[in-house]
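This report refers to the structure that appears directly beneath it.
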Amino acid sequence: MAVIGGGPAGLMAAERLASAGLAVTVYDRMPSLGRKLLMAGRGGLNLTHSEPLPGFLERYGPARDRVAPLLARFSPDDLRGWCDGLGQPTFTGSSGRVFPAAMKASPLLRAWLARLAATGVRIATRHRWTGWDADGALAFATPDGPVLQRHAATLLALGGASWPRLGSDGGWAETLSAGGIALAPFRPANAGILIAWSAHLRERFAGTPLKRIALAMDGASRRGEAVLTAAGLEGGAVYALSAPVRAALDRDGEARLALDLRPDRNVAALTADLARPRGKASLANHLRKAGRLPPVAIALLRESGAPIAAEPDALARLIKAVPLLVTGLAGLDRAISTAGGVRWDELDDALMLRKRPGTFVAGEMIDWEAPTGGYLLQASFASGVAAAEGALAWLAQSGGRPSA
């Protein structure tokens, strides 16, 4: 059995296949496995989330009903139990996010690769998949030249098209399209937003964090943090609104967000704070002391173009909804993940390509997206499990006949 792609989905599939007694080879075009997983773990590896399942599933938007059966096979609790089995216990942070106790990806990945090796999984790095030959053999480009390999079934877990230097460049899309597989175009997901800041704001505040803020658009609001960049904003609160921002950009050429600089205080409470005697203090000092706003927040009030009234109520309302005009999303090379990929109607319930029996697909190759916070990795792991189980069932039914 071939697994092509050594990220979370591919490695999880390989583990399930090997534990069922199959001889498994994992092929990857990079010199080592799990590179994007290691990158994700640099700031603390957010594996999954403790949110109750109904709300959890809503994070997948239009793909909710497709993702639900995957999470039924491998739930957040299953993922935490799997980590425990690797000797990598997890904990739940105050935000509900779940992390390994080590707060890094490298210990978990080392333990995982060791277990795969113990179950006989073979690893073939520097193997870039280029498709199938005329007889259905898998074709690879390697440093030693072209290689053909024949397997009874194949599981593709080649990732999306974000962070291509880590291995997921979307190069597989042309191969599948040539085989008649319908794909949704790749689009940035969990991406920064572009805003035309003034030169003053860029020069003075680029790189400054915005802590404990909220962003709202079309009735959806997300709390979190962000970083003001020279080009706009990045960060968890921004990424969570990537899908509606992208839709508005497609429809209108722009998107409008409301930035809440004090989500912990409602308008009435904030008005009372700002109504305190100001004395001889400047408006900026009053906002800093009474409104508890850092300098970057005060600069954003001025940047908005909205009149900054001295009346406490009007000022409180502006602080609670600073208008932001978004002109675009950061590109695929900077996006954390991608929307687009293999369309769901090209796959059966076992995640097998209808037009290529014996070939299964998992992970970000499929057309789904989710915000950061554990939702991305959870669905990637779960799809690897589901695709592996689908492959096992197909092999048992077909007698292990290779795909043609």
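The values are calculated or read from the model by the stated rules, or taken from the named source; none is laboratory data. If you're wondering where the values come from, they're calculated on a predicted model, not measured in any experiment. Note: ideal-geometry Cβ built from the backbone for every residue, glycine included; neighbour counts use all protein chains shown.
What the table shows:
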{"item": "Which numbered condition Gly41 fails, given (1) modelled with pLDDT under 95; (2) assigned to a loop (DSSP other than H, G, I, E, B)", "result": "(2)"}
{"item": "Whichever residue in the stretch 2-32 is part of a loop (DSSP other than H, G, I, E, B) and crowded, with 24+ Cβ neighbours inside 10 Å and, among such residues, is farthest from the chain's Cα centre (by Cα)", "result": "Val24"}
{"item": "Neighbours by Cβ (under 6 Å, 6+ apart or cross-chain): first from the stretch 25-51, touching a residue at least 12 places away in the same chain (Cβ under 8 Å); second hydroxyl-bearing (Ser, Thr, Tyr) and in a strand (DSSP E or B)", "result": "Ser50/Thr92"}
{"item": "The stretch 194-223 residues that are in a loop (DSSP other than H, G, I, E, B), paired with ones that are at pLDDT below 95 (beta carbon under 8 Å, 6 or more apart)", "result": "Trp197/Glu303; Ser198/Glu303; Asp218/Pro244"}
{"item": "Count - residues of the stretch 288-298 that are touching a residue at least 24 places away in the same chain (Cβ under 8 Å), touching a helix residue (DSSP H, G or I) at 6+ places or on another chain (Cβ under 6 Å) and assigned to a helix (DSSP H, G or I)", "result": "1"}
{"item": "Any hit, the stretch 375-385, residues being modelled with pLDDT under 90, touching a helix residue (DSSP H, G or I) at 6+ places or on another chain (Cβ under 9 Å) and either outside the structural domain of Gln149 (by TED's automatic domain parsing) or under 30 Å from Ala196 (Cβ atoms) (or both)", "result": "no"}
{"item": "Cβ pairs under 8 Å, 6+ apart, first in the stretch 91-108 and without any contact (Cβ under 8 Å) to a residue 40 or more places away in the chain, second part of a loop (DSSP other than H, G, I, E, B) and surrounded by fewer than 17 Cβ atoms within 10 Å (Cβ to Cβ)", "result": "Phe91/Ala101; Ala101/Pro89"}
{"item": "Qualifying position, being assigned to a helix (DSSP H, G or I) and within 20 Å of Leu293 (Cβ to Cβ), among Ala243, Ala269", "result": "Ala269"}
{"item": "Residue within the stretch 321-343 that is in a helix (DSSP H, G or I) and modelled with pLDDT of 95 or more present", "result": "no"}
{"item": "Selection count where residues are part of a loop (DSSP other than H, G, I, E, B) and surrounded by 17 or more Cβ atoms within 10 Å (Cβ to Cβ), scope the stretch 103-134", "result": "4"}
{"item": "Hey, Ala306 touching a helix residue (DSSP H, G or I) at 6+ places or on another chain (Cβ under 6 Å) and in a helix (DSSP H, G or I) or not", "result": "no"}
{"item": "Test for Ala350: is it in contact with a Gly (Cβ under 9 Å, 6 or more places away or on another chain), assigned by TED's automatic domain parsing to the domain that holds Leu166, assigned to a loop (DSSP other than H, G, I, E, B) and within 18 Å of Pro188 (Cβ to Cβ)", "result": "no"}
{"item": "Filter result for Arg317 (of a type in the set (Lys, Arg), touching a residue at least 40 places away in the same chain (Cβ under 8 Å) and not in a loop (DSSP other than H, G, I, E, B))", "result": "yes"}
{"item": "Among (1) out of contact with any helix residue (DSSP H, G or I) (no Cβ under 9 Å at 6 or more places or on another chain); (2) of a type outside the set (A, V, I, L, M, F, W, C); (3) modelled with pLDDT under 95 - the single one Gln149 does not satisfy", "result": "(3)"}
{"item": "Options Ala214, Ala230, Ala182: the member that is hydrophobic (A, V, I, L, M, F, W, C), over 19 Å from Ala335 (Cα atoms) and loosely packed, with under 14 Cβ neighbours inside 10 Å", "result": "Ala182"}
{"item": "Tally of residues being in contact with a strand residue (DSSP E or B) (Cβ under 9 Å, 6 or more places away or on another chain), assigned to a strand (DSSP E or B) and surrounded by fewer than 14 Cβ atoms within 10 Å (Cβ to Cβ) across the stretch 135-171", "result": "2"}
{"item": "In the stretch 60-77, the residues that are on the phi < 0 side of the Ramachandran plot and in contact (Cβ under 8 Å) with a residue 12 or more places away in the chain", "result": "Tyr60, Ala63, Arg66, Val67, Pro69, Leu70, Leu71, Arg73, Phe74, Ser75, Pro76"}
